[in-house]
Amino acid sequence: MKVLVTGGLGYIGSHTVVELLNDNYEVVVIDNLYNSNIGVVDKIKTITGKEFGFYQEDVCNLEALEKIFSENKIDAVIHFAGYKAVGESVKKPIMYYENNIVSTLHLCQKMIEHGCMNLIFSSSATVYGDPERLPITEDCRVGGTTNPYGTSKLMIEQMLKDIVVANPDFHVIALRYFNPIGAHTSGLIGEVPNGIPNNLMPYIVRVASGELEILSIFGDDYDTPDGTGVRDYIHVVDLAKGHLKALEKITNFNGMHFYNLGTGVGYSVLDLVKAFERVNGVKVPYKIVERRPGDIASCYSDPSLAYKDLDWKAEYGLDEMMRDSYNFILKYNDK
Ligand code: WQD
């Protein structure tokens, strides 16, 4: 089976390509290197010992997509490519909506033209907004998104629903990620955000490695056990394996299906700081500052539907996530 992975050199994409190659899939990657670098190609080949196709192109580019689908008999697509920085999306809404939505529309157009009828879409728990209940199940209300990034994911889910209605043989699985962290145990691939990290884990590892001075914890007055924000952190390798399970099952389902990919366990910011210090034997200096606008108190999944339908559940615990995150940054800084 030949799989096209858009954004396949990115954080989650590269980990998924590794798992696909390890599972003997044929892989073709399209990536414009906006949030990744060409060196990841060799790292994936080093980890897996396998070759794969690569096109340095933009998924918005119809001619590039036509070339890829003409040169390769693609059986399924895993669509990661998209801008994903919440803060940046607030400052640059046109760029976010245009890129994330147009790329998906062009991709679906070319898929259907070429008879490639299986799409796995990289969605996000952000589509739930401030969740109506916890733990979050897939039938929870969606909407109330607070930034163009999250709203673009919600809009794309709706577009895909309409495309499936018009094309009953087009199968879509939308995977709603919670908070992906960690890295491949080799330390060769991981999350390399451009500039100052917005997300918690990349910030913690850079404080621990001495690159940044101190972690600012955005508020300790939330209605949570220790007052700091609670999230459902999931190891990126678990997340990657969830895509392979979706790939195995996608032709069994008609229409469009949604699955939460989380552990079902919520950890606070302070839980992560303490776990990181314990596992890695380093200090993470921090200070409590005011809340970050748009943050919610708690967000964690009920992942049981993915277990029931896809035979998938997260295997890695918090300690492995802390260990692998630090291992990556130490190797990355050493290169
Ligand atoms: C986690 C917790 C912060 C940084 C975002 C996106 C979401 C998804 C995952 C793509 C919160 C606190 C953070 C810091 C802190 N991405 N924090 N100091 O906001 O849950 O989700 O990333 O799909 O779409 O919205 O993740 O890592 O930014 O924050 O105290 O320097 O850590 O307040 O409680 P978030 P995060």
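The values are calculated or read from the model by the stated rules, or taken from the named source; none is laboratory data. Keep in mind it's a predicted model, so treat the numbers as computed, not measured. Counting neighbours? That spans all protein chains shown, and the Cβs are built from the backbone with ideal geometry, glycine included. To get the accessible areas, we keep the full protein, side chains included, count just its heavy atoms, and leave off ligands, DNA and RNA. Shrake-Rupley method; radii C 1.70, N 1.55, O 1.52, S 1.80 Å.
Miscellaneous remarks
Residue-by-condition table, conditions (1) farther than 29 Å from residue 332 by Cα; (2) at pLDDT 95 or above; (3) within 16 Å of the chain's Cα centre (by Cα):
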| position | (1), (2), (3) |
| --- | --- |
| 84 | no, no, yes |
| 118 | yes, yes, no |
| 133 | yes, yes, no |
| 138 | yes, yes, no |
| 148 | yes, yes, no |
| 169 | yes, yes, no |
| 181 | no, yes, yes |
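- Elements of type helices (runs of 4 or more DSSP H) in the range 264-335, at least 3 residues being away from the ligand (no atom under 14 Å from the Cβ) and exposed (fewer than 14 other Cβ atoms within 10 Å of the Cβ): 318-334
- Spans of strands (runs of 3 or more DSSP E) in the range 1-85 with at least 1 residues under 20 Å from residue 160 (Cβ atoms): 2-6, 26-30, 76-79
- Residues of the range 122-137 classified as buried (at least 19 other Cβ atoms within 10 Å of the Cβ) and part of a loop (DSSP other than H, G, I, E, B), total: 3
- Residue list for the range 229-263, filter: surrounded by fewer than 23 Cβ atoms within 10 Å (Cβ to Cβ) and polar (S, T, N, Q): 251, 252, 254
- Here is the figure for the range 137-160: residues that are within 13 Å of the ligand (Cβ to nearest atom), among the β-branched types (Val, Ile, Thr) and in contact with a helix residue (DSSP H, G or I) (Cβ under 7 Å, 6 or more places away or on another chain) total 2.
- Conditions (1) touching a residue at least 60 places away in the same chain (Cβ under 8 Å); (2) among the charged types (D, E, K, R); (3) away from the ligand (no atom under 16 Å from the Cβ); number of the one not met by residue 84: (3)
- Sub-7 Å Cβ pairs linking a first residue in the range 49-68 that is more than 11 Å from residue 7 (Cα to Cα) and modelled with pLDDT of 95 or more to a second residue that is among the β-branched types (Val, Ile, Thr) and surrounded by fewer than 19 Cβ atoms within 10 Å (Cβ to Cβ), at least 6 apart or interchain, are 60/102, ordered by first then second residue.
- Scanning the range 141-160 for residues being part of a loop (DSSP other than H, G, I, E, B) and open to solvent by less than 40 Å² (accessible area, probe 1.4 Å) gives a total of 3.
- Any hit, the range 76-94, residues being surrounded by fewer than 18 Cβ atoms within 10 Å (Cβ to Cβ) and closer than 20 Å to residue 169 by Cβ: no
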